[in-house]
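The values are calculated or read from the model by the stated rules, or taken from the named source; none is laboratory data. Note that this is a predicted model, so its numbers are computed, not measured. A quick note on method: Cβ atoms are made from the backbone with ideal geometry, for glycine too, and the neighbour counts reach across all protein chains shown.
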Amino acid sequence: MRMFLRQSTVGREPLAIAMSGVRMGERLLQIGMDTPVVSGLLAAKPGLSGESAMVVPDDATAVSAKRAAENAGALVNIRVHALDALPFDRQAFDLVVVHNREGQLANMGDTRTRALQECRRVLRPGGRIIVIDKGTPSGLAAIFQSRKGPEARALTVETLEAAGFRSVRPLGDRDGFSFVEGIKAGGSD
């Protein structure tokens with residue numbers, strides 16, 4: 001009887017897309033890329049009435065990002081650039097999504113706070129940042145993978161607060177993904 005009561009997953013967005021909250025018409029900036037499919041689908045969400053941009057650390061990732069965007073049917077401005085000096089004007093975006101499942105923020109060392117301050121600079125007042133971290137593994141993956149989700153999440157919260165974001169909070173931890181949100185306070189740079 002239970003199998004008849006389960007809801008269909010056909011037509012649903014992947015978890016990372018739904019948790020980002022990106023909507024049509026918004027201006028979206030993605031930092032880095034962990035999963036090409038997720039990056040491509042996120043880039044497609046703002047549609048033609050919005051804007052989608054991505055900053056990646058190297059040319060190989062840019063090629064992969066371009067392929068992912070094409071597969072999703074997205075128009076995206078992809079730039080290879082340092083993360084601690086983003087090539088965009090102040091208040092140019094409504095939402096920034098930082099792909100951090102591979103631990104890119106932790107690997108940046110002393111420059112991670114500066115990189116997140118740059119994300120804050122390019123957000124409009126009231127804009128949001130979503131950091132997608134590696135979450136607690138579930139199912140069979142829980143047996144074979146380490147449980148580094150809580151440590152990564154704590155570092156993300158601490159770094160977002162140090163960068164000046166307000167109302168920093170974990171949104172959820174499911175299916176190996178962890179989501180942390182921060183808000184740029186209104187009127188602040």
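For residue 125, the conditions (1) surrounded by fewer than 15 Cβ atoms within 10 Å (Cβ to Cβ); (2) in contact with a Lys or Arg (Cβ under 8 Å, 6 or more places away or on another chain); (3) modelled with pLDDT under 95 all hold with the exception of (3).
For region 9-20, check the following and say yes or no: at least one residue is over 16 Å from the mean Cα position of the chain (by Cα) and either polar (S, T, N, Q) or within 21 Å of residue 170 (Cβ to Cβ) (or both). So far as region 9-20 goes, yes, one or more of its residues are over 16 Å from the mean Cα position of the chain (by Cα) and either polar (S, T, N, Q) or within 21 Å of residue 170 (Cβ to Cβ) (or both). Consider region 92-120 and keep the residues that are more than 16 Å from residue 81 (Cα to Cα) and of a type in the set (Lys, Arg). The one that is surrounded by the fewest Cβ atoms within 10 Å (Cβ to Cβ) is 101. Note on region 95-136: among residues that are within 13 Å of the chain's Cα centre (by Cα) and among the acidic types (Asp, Glu), the one that is farthest from residue 29 (Cα to Cα) is 102.
Of all residues in region 37-63, those being surrounded by 17 or more Cβ atoms within 10 Å (Cβ to Cβ) and free of Cβ contacts under 8 Å to residues at least 24 places away in the same chain number 1.
Look at (1) at pLDDT 90 or above; (2) farther than 24 Å from residue 39 by Cα and you find that residue 144 fails only one, number (1). Among the residues making up region 162-189, a single one is loosely packed, with under 15 Cβ neighbours inside 10 Å, over 20 Å from residue 22 (Cα atoms) and modelled with pLDDT of 90 or more: 162.
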